[in-house]
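To start, the structure under review is shown below, and the notes come after it.
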Amino acid sequence: MEWLTTKRISTFTNKAYAGNPAWVVIGADKSEDNKKLVKLASELNPVSDTVFVFPEKKDADLSLRFFSQSEEIGFSGHGTIAAYLGAEGEGMLELTEPISLIRQRTKSGIQHIELRIKDNKIERVTVSLPVPQFVSTPVDVKQIARLLGIPQIEIQDSTYPVGIVSSSGHTDIIVPVETYDMLLSITPNFPLMKSYCDRLQITGIVVYCLHTMEKDNTAHMRHFAPSVGIDEDPVSGAASASLGCYLIHNRIVPRSEMTRIVVEMGYAMKRPGRVYIHVHSYKNKIMKVTFGGQGVITFEGRTALPED
């Protein structure tokens, strides 16, 4: 039986068992059968994602593969945060204070990572994403309301538009509601939502409001992604970054050369977390977007890789 180094990390938080949990697995063979990795991921993490970390020699420093309970996915924001906190101390990274720059390879391509280092420890992981694409396909608001289990008027009465944003292999419909109470009351029809997302070939649905629990935060958000095996993501870095770009694109948040946006998530699941987003613009055009967060290790040990 093959044993692998395994760590459980609460991401986008500095509190244990808050934020988004991710399992990090180190020591598997990169060419391992996907069925084994999916099975291990489903055993480890019934809530969200598992990331497998591999050394890389060409064009990148590390290679990451992300798995939900049912399949391999192209990219995971909180999985990326967890991967570096998990790889720390495992001889896979050379850390330099105050900033270490890393290139990682994923199914979605090469991403650039910035590690904030203090006392040879990682304090924050920041991920650079491709410039997002804003999709102009019309959205059936009546159908979206049905998927979310809320009255259609709750979406139509919002001051802001429904939008579609695509980034890093993920495409989400972004839906505004007016109040925090309405946002927390949403109880989606997940089978219907999965069928809808599969048909449109999108990842999921982001629902947000501008009322926040913490006064210095920008927006409160929930992310539903049953099409990739995650009914609700407690805290999503990539989806938060898409929301940040949507807020800038639609002038809901004032644009500057570098706009800082803080998205809070996870309260509906009693796993609060926070994502820090920076949107860089030039002449009213988004040129770069990054998101970042912290994490806390809550388990370290070994896990057996499933046998054939």
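A few notes on this one:
- Under the combined filter of DSSP loop state and at most 12 neighbouring Cβ atoms within 10 Å, segment 248-295 retains these trypsin sites (Lys or Arg not before Pro): R251, K270, K283.
- Residue-wise HN-Hα coupling along segment 146-163, computed from phi with Karplus coefficients 6.51, -1.76, 1.60 (Hz; x: Gly, Pro): 5, 4, 7, x, 10, x, 4, 4, 5, 8, 5, 7, 5, 5, 10, x, 6, x
- Distance from segment 136-194 to segment 200-215 (C-alpha centre basis), Å: 8 Å
- Listed by chain and number, the aspartates and glutamates whose C-alpha is less than 13 Å from the C-alpha of K194, apart from same-chain residues fewer than 8 away, are D172, D231, E232.
- Theoretical ellipticity at 222 nm over the chain - DSSP helices of four or more residues, -39500 (n - 2.57) apiece, nearest 500: -6000 deg cm²/dmol
- Highest GNM mean-square fluctuation among I117, I73, I144, for the chain modelled with Cα contacts below 10 Å: I117.
- Backbone N within segment 258-289 under 16 Å of label point (7 Å from E123 Cα along the Cβ vector): 276
- Bridgeable lysines around K7 (alpha carbons under 27 Å apart, same-chain partners fewer than 8 residues away excluded): K15, K30, K35, K36, K39, K57, K58, K107, K118, K121, K270.
- Fully extended contour minus Cα-Cα distance, from D308 to Y17, at 0.36 nm per residue: 101.5 nm
- Annotation note: trypsin sites (Lys or Arg not before Pro) in segment 39-105 located in DSSP loop regions with a Cβ neighbour count of at most 15 within 10 Å are K57, K58.
We did not get these values from a lab; they are worked out from the coordinates using the rules stated. Nothing here was measured: the structure is a model prediction, and the numbers come from that model. For neighbour counting, all protein chains shown are included, and Cβ atoms are generated from backbone atoms with ideal geometry for every residue, glycine included.
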